[in-house]
Amino acid sequence: MSGVGQWRGQAPETPEVGPFEPGFNLKTLWAAVFVGLVMLPGAIYLGLVTGQSMAGGAEWVTLILFIEIAKRTFVRLRTQEIIVLYWVAGGLVAIGGKLGTGADLFGGPFGSLIWDQFFIQSPQADGLHQYIPDWVAPPRGSEALLERTFFHLAWLKPMAILLVVVVLQRINGLSLGYVLFRLTHDIERLPFPMAQVQAGGATALAETSSKQEGWRWQVFSTGAFIGAIWGLLYVVVPTLSGVFLTETVSILPIPFVDFTVPMKVVLPAGVLGLATDLVHVLIGLVLPFWIVVGSFAASLLVNLVANPLLYNAGVLHTWSPGMSAIPTMIANSFDFWLSFSIGGALVVAGVGFWGAGKVLHQAAGKGRGEATHPPAGRGDLAVAKALGLWAASTLGFVLLVWFLVPEFPVWITLFFGFVWTPIYSYISARMIGLTGSPQGVSFPYLREGSFYLSGYQGAAIWFAPMPLFQWGYEAQVFKQLELTRTRFDSLVKMTALSLLILFACSFLFWSFIWKLGPIPSSAYPYVQKFWPFHATMQAFWAKSTLAGAAGKGLVTEIIRWEYVAAGLGFSGLLYWALGALGAPTGIFYGFVGGLGQWPHFAIPNFLGALLGRFYLRQRFGEERWTSYAPILLAGYSCGVGLIGMTSIAVALISKAISQVVF
């Protein structure tokens, strides 16, 4: 950490002010191709093995590579080009999840089809798989699944729907996000405090391109060094040992060490373990301290105190000695905690909307600017046209859902698309614009509750592309473009390019990796452990609307209204007590969210939070450390990604050769 001393005396850079310039050009095109062909396969493999995304690392690796190339060719990358490169890289490898699964998916849209092929063949889908339509995935026993290939006619419907959904989603997000930006920024003049992060980083790297290295580079390189060392132990050893040895050797178990079974006598029905990826400690450095504290307290109280007491009282009746962490979490969730967490979610939703309404009411009429014309040269679109694009894409979702599941009440789809999404997104954009964070604006189980209470019978709706979105963050993206004086049409061109490259490369590399072996399997420790857990939860909800008494009976057996009431009363009392004591509200949100969190991840998060608050913040100062922490985490992601890319490349080439030979 030779650069640590230099961190303490430098102030963050501020974005330049000047005319708006385009950020999309040939350099951006080459950067997108580089990310798609080089970063994407590494992101897929790293996600399957460790559950870690290269999002964060890929952006920085791409930027640094092109900055270094530019230096050696005497070309300076402008701030506008760098911010567009940032979003190109992030959009291509970002981690995501398929609505309703809870599973982390990697490597572009075809990751969702890999999940679907696993789910329909999984034991959790027994009794459900025959109700899953062929536009989701080929049926069990299909030649396409047995041969593990996308080059089959059975995949034609799922891939066509996937392409339509991805395009509609980006049109929907960009158009509504732009309207929200015009409303919250141009008219209401909200500050968007966190928009300075990426804007300031792009400006700093632009200065680095001019051979002027600032404090961000020192922090980033320190994180990259830590990530490279840890990645050597955590990623390289198990990846390469599986290539050169008959068995995979892991210095550290992936993704965690589990103490649940050894503790069965002392802690019946309790779950205890420790995640082995250092990233969870670094995440604790970045997350708000009191949210981490609340989550840590809830996770340990639930698993070390409440679960043994509930087991002895006969409430947790499914657990049996010998169950490891994942079966124990599923059993306890179905017996008690799923119902209890619904009650807590209702309180969180009520508090969130009450708090958002209070902020909106207090801010009404304050700082409101005149609805003037946008600045010249910014690349704006008429608001009416943007609203038209949003309405057309939303109508596209409504018609698609109606076409796929005509039995489902269309008014629910219309409500989600035309009423809930814009209201939900506006509240979120308003909170982001005021505070930098949309914390507290959530409504868990809205989708599940709507489907269950709709009267629909079947399973198809659980796999349909319901237009239930939250686009508040898109408004901040436009703010970042304005801060870096980047024309808005550059974002549109970048999005179109990214979609094209992302779809093609995602298809290519997922096809290749899936052909090498089943997913999940022992070759991919993270998904082998966690995907069955997420499949259990998805199957539970999807079976709840099946015709007959089976699905309904399962829900009425698991969703116990007395436990929901207990969660509602406990969470409400906790919120009132913390408010009366003057405690930070983050404790409440963290505690309610931590009721279902694994101690395996809550413990390292808490250790990181303690390290950041009581040592690093004291050493560097609160304001400076707040700026350093996310860049340190990004550097770590970059270091792990870089060191892992080499071993991943060797593993993929080795497996490809062995497939050809044998």
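The values are calculated or read from the model by the stated rules, or taken from the named source; none is laboratory data. What you are looking at is a predicted structure, and each value in this text was computed from that prediction instead of being measured. As a convention, Cβ positions derive from the backbone with ideal geometry for all residues, glycine included, and neighbour counts pool all protein chains shown.
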| S428 being part of a loop (DSSP other than H, G, I, E, B), modelled with pLDDT under 80 and closer than 21 Å to T585 by Cα | no
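What do you reckon, is H373 modelled with pLDDT under 75 and closer than 28 Å to L446 by Cα? Working first, answer last.
Numbers: modelled with pLDDT under 75: yes; closer than 28 Å to L446 by Cα: no.
So H373 does not fit the description; no.
Every residue, every condition in (1) free of Cβ contacts under 8 Å to residues at least 40 places away in the same chain; (2) in a helix (DSSP H, G or I); (3) not aromatic (F, W, Y), yes or no:
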residue	(1), (2), (3)
L232	no, yes, yes
L240	no, yes, yes
V249	yes, no, yes
L252	yes, no, yes
P262	yes, no, yes
V271	no, no, yes
D277	no, no, yes
H280	no, yes, yes
I283	no, yes, yes
| request: Could you list all residues from the range 604-628 that are among the hydrophobic types (A, V, I, L, M, F, W, C) and more than 22 Å from L274 (Cβ to Cβ)? | output: F620, W625
| said: When the residues of the range 280-329 are narrowed to those that are in contact with a helix residue (DSSP H, G or I) (Cβ under 9 Å, 6 or more places away or on another chain) and closer than 16 Å to R560 by Cα, which ends up modelled with the highest pLDDT? | reply: L310
| Among (1) modelled with pLDDT under 85; (2) farther than 24 Å from Q480 by Cβ; (3) surrounded by 21 or more Cβ atoms within 10 Å (Cβ to Cβ), which single condition is A269 missing? | (1)
| Which listed residue, of F614, F620, F606, is aromatic (F, W, Y), within 22 Å of the chain's Cα centre (by Cα) and either over 30 Å from D335 (Cβ atoms) or modelled with pLDDT of 75 or more (or both) | F606
| Can you tell me which residues in the range 489-516 are within 23 Å of the chain's Cα centre (by Cα) and among the aromatic types (F, W, Y)? | F503, F507, F509, W510, W514
| field | Test set (1) over 22 Å from L399 (Cα atoms); (2) within 27 Å of the chain's Cα centre (by Cα); (3) among the small types (G, A, S) - A144 fails condition number | value | (2)
| query | Has the range 599-612 got any residue that is part of a helix (DSSP H, G or I), polar (S, T, N, Q) and either farther than 30 Å from G572 by Cβ or in contact (Cβ under 8 Å) with a residue 40 or more places away in the chain (or both)? | reply | yes
| What residue, of L573, L578, is among the hydrophobic types (A, V, I, L, M, F, W, C), crowded, with 17+ Cβ neighbours inside 10 Å and over 28 Å from the mean Cα position of the chain (by Cα)? | L578
| Yes/no for P532 being at pLDDT 85 or above and either outside any helix (DSSP H, G or I) or over 21 Å from the mean Cα position of the chain (by Cα) (or both) | no
| Are any of the residues in the range 487-494 of a type in the set (V, I, T), surrounded by 22 or more Cβ atoms within 10 Å (Cβ to Cβ) and either at pLDDT below 85 or more than 30 Å from V235 (Cβ to Cβ) (or both)? | no
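Which residues, taken from the range 602-652, are aromatic (F, W, Y) and crowded, with 21+ Cβ neighbours inside 10 Å?
F606, Y628, Y636
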| query | When the range 180-218 is examined, which residues are found to be crowded, with 21+ Cβ neighbours inside 10 Å and modelled with pLDDT of 80 or more? | reply | L180, F181, T184
| field | Residue ranges of helices (runs of 4 or more DSSP H) in the range 1-120 with at least 3 members at pLDDT below 75 | value | 4-7, 40-50, 57-72, 79-93
